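Everything below concerns the one structure shown next.
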Amino acid sequence: MKNYDIIKVKKLEIKIRSKQITIEMKVGNIKQHSYLEKYINKNSVVLDLGSNKGEFSEEIVKKHGCKAYGIEANPNVIKNIENDKVQIHNIAISNKNGEISINIPKNGDASTTFHEKSDSVEVNCITIERFMEKKDIETVDLLKIDIEGEEIKVIKSSIDTLTSRVKQISVEYHDFMDESLKKDVKKVDKMITQNGFERMKFSTNNGDILYWNKEYIEVGKVEYAMAIIIYKYLRGMKRIIERWI
């Protein structure tokens, strides 16, 4: 799968009824996960749920100098990362503390709770709240979620923490793997937006959705509308151009 990096649109100036409007909104994209770059810096904390080999954590730390905690349930894909600002933990994020059964596909790197041809193993699991408590994390600047179907349970069980202590959430929903999840995804999406978050969808499916907490981040209506048009259009154009090259 191709990794599309950041679309370099820093500022757009337009005129509406003779009024000059400046729109400045930089959306980063790492490993198909979008986020608002403006709010990530060297003092930021990033939680990378479903870190796999740690590429997302490595890249965001390299770009912004922030601190990243990678959390991956599959012991077969964990690797050492030589960066003091990246911590990788072989544990599953769940809606409970204790142990959970996961499936590790024989021909892939992912781990999932879905029923498929794979090896089933028991791994330790932890809630977002407990992990933050253990690491003495007060607020999370960016929460990236790619946990192969467990996102529904995790978000539901941690909604109070997300609302009060998380500034951005970049999530990949896995309803494309299980049609029965589509209703749950809609419910969770509604739950998040009803608890103080705005959202942007950067994919045709639910594979790249960004939420930001209005208590911490303010995005104007014009800025919001133009960002959707600009970034979707430019990313689409980039994909078309790359196919022709």
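No value in this document is a laboratory result; all are computed from the given coordinates. These figures come from a predicted structure and were not determined experimentally. Note: ideal-geometry Cβ built from the backbone for every residue, glycine included; neighbour counts use all protein chains shown.
Below are the figures for this structure:
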{"read-out": "Cross-link pairs 85/167; 31/186; 96/201; 186/221; 42/153 - those with Cα-Cα distance over 26 Å", "value": "96/201; 42/153"}
{"read-out": "D_trans [Stokes-Einstein, Kirkwood Rh over alpha-carbon pairs] for the range 73-217, 10 °C, 1.306 mPa s, µm² s⁻¹", "value": "98 µm²/s"}
{"read-out": "Gain in span if fully extended, residue 160 to residue 90, counting 0.36 nm per residue against the direct Cα distance", "value": "22.7 nm"}
{"read-out": "Low-density loop cleavage sites - trypsin sites (Lys or Arg not before Pro) in the range 72-107, where at most 16 other Cβ are within 10 Å (DSSP)", "value": "79, 96, 106"}
{"read-out": "Spacing of the two label points (7 Å from each Cα toward its C-beta) at residue 42 and residue 214, in nm", "value": "3.4 nm"}
{"read-out": "Cα→Cβ-extended label distance, 7 Å offset, between residue 136 and residue 190, nm", "value": "4.2 nm"}
{"read-out": "Residues 55, 218, 99, 172, sorted so that the one with the fewest Cβ neighbours within 10 Å comes first", "value": "218, 99, 55, 172"}
{"read-out": "Förster radius 30 Å - calculated FRET efficiency between residue 122 and residue 62, Cβ distance, rounded to 0.05", "value": "0.30"}
{"read-out": "Square roots of 5 times each gyration tensor eigenvalue, C-alpha, the range 113-194, largest first, Å", "value": "23, 18, 9"}
